[in-house]
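J.: I'd like to ask you about the structure that follows.
The values are calculated or read from the model by the stated rules, or taken from the named source; none is laboratory data. Only a predicted model underlies this, so the values are computations on that prediction, with no experimental measurement involved. Using ideal geometry, Cβ is built from the backbone for each residue, glycine included, and neighbour counts are taken over all protein chains shown. We work out accessible area using only protein heavy atoms, side chains counted, and drop any ligands, DNA or RNA first. Shrake-Rupley method; radii C 1.70, N 1.55, O 1.52, S 1.80 Å.
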Amino acid sequence: MDREPQQTPSLDPSFSPDGLKRAVRSGTRATVAAQVASQLVSLAQLAILYRLLAPSDFGLLGMVLPLVLFLRLFTTLGLNVATVGRVEISSAQVSALFWMNVVLGAATTIVATLLAPVLVWLYDVRSMLSADEARSLLWLTVALGGTALIGALSAQHQALLERRLQLARVHGLRLAGQIAGALAGIVAAVAGTGVWALVAAQYVELAALAAIVWIAEPWRPHAPTRRAPVRELLHFGGYYTASSVLFFLGTNLDKVLVGAVFGPTALGYYSQAFNLAMKPVLAVTTSASGVMLPALGRAARDAQQYRSLVLVFYRLVAVLLLPIGFGVALVATDALVVLGGTAWLPAGEVLRVFALLILAQGFINIAGSVFASAGRADRLMLAAALLLLVIVQGIAAGWGFATYFGGGSEVEAAQWIAGGYSLAVVVVLAPYLWFCFATVGLPLADGFRAVRRPLLASCSMALVVLALRRALLASFDAPLPVLLAIEIGVGVASYALLARSELQWLASQARRD
């Protein structure tokens, strides 16, 4: 008997209001769990690699990544975001977007190869790279350029899983790819490959993810055709890509400056401090956005439910991120020494400054989902331009203070630059959110009320931990890991007590079915 062909799930899933709420809660639980696991894997990987590789290895990677990540923006053109957030989309349209991503990924690989010698020349002019470092930088750029093509192969498949709110599956697949990449990087580092261990980790992660996503998602691209109506999607993607370019410049100009002036070792400290500060931010906002964009897209026709969901996600980010920001400010240097050894102490000083960034960046990150779900990528671009303008001024001010007060110390100069960058993001936060909320008809005061209680609880927690820290340092002689564990434990316990109403709300959201 003939078997019926396998049916591909609908590309336009529909949810009742209650069904959407259940899907959001289920997806949020799965995404948060996946992000917690992802951060644990990442920290374990770094704890090992920090001891196997030199700071200059991470600095060389940090010199290459701005160019490679910039080119990757043009691989997707925001088309995967259009797939997730659009109310209706056809298989023919997704196929057209898939082939565009593949062609752009191949083009990005070629452009990265052509620009590799230019990148080496630009850095070598100022930082006086050694011959070995210049050679490594050249081939690192060529090698990492190929990651864009591999990533393009799975972009639309992941977007379709997110569109149907199958978030447990998609995040589980990403976690599996991350674990494969981490193991590959550690094995390569043990083998003595140096900075190439970091390259191996990226290639294995992306290749493994592409393979398993194609297995998990039954949709398959059709042959390219000119009949698919994608002009509106490209219009959205153009604005979204323009905003991504502006965001990218804002988050990488400081690193280019540090690398060009101080070289790979200083950039290794600076970039790793920034990356560690961004880990909790990305863990929380990736979790939120992974649910937020498809959920808001499905709720777009119900204004009341839409606005309610926006405030729920901002409250969620505040409850989770604000205490982390205050906590990192207090224990940053101790945490870096425990994680990577005394060689990474300078990075801890920079991380302490970047703690200020944790308090604001998460709210800006999830605003992108609000703009995208409202179909206003043009307004997202304007918001990104404002953010870039203020960040440039902050970096310039930090650099000016570093030149005047830094005393020649690379770490002190990096702290000033990090401070200027972080303060700029904090200053621009209120007007940025006002513009975002006004786009969807929400008063900014509603957003403030959503985050007021976790903010007060986080401030109080910080005072408790600060008093405890001073008492411990004055009267308690114990190993640093023990002191750090006590501080973290007391911080968690005090926040749980001070923010119990917010945590009860969070738990009730997780339990409701």
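J.: Classify the stretch 395-463 as rounded, prolate or oblate from the Cα gyration tensor: take a ≥ b ≥ c as the square roots of its eigenvalues, call it rounded if a/c is under 1.5, otherwise prolate when a/b beats b/c and oblate if not.
T.: Oblate shape, in that a/c is at least 1.5 and b/c is the bigger or equal ratio.
J.: Okay, next question. Which whole-Hz couplings ³J(HN,Hα) result when phi for each residue of the stretch 410-416 is put into the Karplus expression 6.51 cos²θ - 1.76 cosθ + 1.60, θ = phi - 60°, listed in order with x for Gly and Pro?
T.: Each residue of the stretch 410-416 in turn: 5, 5, 5, 4, 5, 5, 5 Hz.
J.: Please compute the modelled spin-label separation between residue 482 and residue 33, points set 7 Å along Cα→Cβ, answer in nm with one decimal.
T.: Output for this residue pair reads 3.6 nm.
J.: Need one value: the accessible area of residue 366 in square angstrom, 1.4 angstrom probe, rounded to the nearest 10.
T.: About 0 Å², ignoring ligands and nucleic acids.
J.: Points 7 angstrom from Cα along the Cβ direction at residue 54 and residue 132: gap in nanometres?
T.: 0.6 nm
J.: Rolling a 1.4 angstrom probe over the protein chains, ignoring ligands and nucleic acids, what is the accessible area of residue 434 in square angstrom, nearest 10?
T.: 150 Å²
J.: On the protein heavy atoms, probe 1.4 angstrom, tell me the percent of accessible surface of the stretch 242-386 carried by carbon and sulfur.
T.: Carbon plus sulfur share of accessible area: 65 percent.
J.: Starting at the first residue of the stretch 195-207, write each ³J(HN,Hα) from the Karplus equation 6.51 cos²θ - 1.76 cosθ + 1.60 with θ = phi - 60°, in whole Hz, x for Gly and Pro.
T.: So the J values, rounded to whole Hz, are 4, 5, 5, 5, 5, 4, 4, 5, 5, 5, 4, 5, 5.
J.: Where the only charges are on Cβ atoms (+1 Lys, Arg; -1 Asp, Glu), what is the dipole of the stretch 342-486 about its Cα centre, to the nearest 20 debye?
T.: In total the dipole reaches around 480 debye.
J.: What figure in square angstrom, to the nearest 10, would you give for the accessible area of residue 171 with a 1.4 Å probe?
T.: 10 Å²
J.: Would you mind putting 274-285, 101-112 in packing order, based on average other-beta-carbon counts within 10 Å, highest first?
T.: 274-285, 101-112
J.: Once you place label points 7 Å from the Cα toward the Cβ at residue 122 and residue 91, how far apart are they in nm?
T.: 4.4 nm
J.: Using the charge dipole of the stretch 244-394 (Lys, Arg: +1 at Cβ; Asp, Glu: -1 at Cβ; taken about the Cα centre), state which of 289, 354, 344 has its Cα farthest towards the positive end.
T.: 289
J.: I would also like to ask the following. Can you pull the percent of the stretch 177-225's accessible area that's carbon plus sulfur, 1.4 Å probe, other chains left in place?
T.: Roughly 76 percent of what the probe reaches on the stretch 177-225 is carbon or sulfur.
J.: Same structure, new question: Around residue 450, with a cut-off of 15 angstrom between Cβ atoms, what is the net charge of the other residues, counting Lys and Arg +1 and Asp and Glu -1?
T.: My count for the surroundings of residue 450 gives +3.
J.: Using a Förster radius of 51 Å, what is the FRET efficiency between residue 216 and residue 470 based on their Cβ-Cβ separation? Nearest 0.05, please.
T.: 0.50
J.: Further question: Keeping every protein chain present and rolling a 1.4 Å probe, give me the accessible area per residue for the stretch 310-372 in Å².
T.: Heavy-atom SASA per residue in the stretch 310-372 reads 23 Å².
J.: Determine ³J(HN,Hα), in whole Hz, for all residues of the stretch 424-434 in sequence, where each value follows from phi through the Karplus function 6.51 cos²θ - 1.76 cosθ + 1.60 and θ = phi - 60°; x replaces Gly and Pro.
T.: Working through the residues one at a time gives 4, 5, 5, 5, 7, 4, 4, x, 5, 5, 4 Hz.
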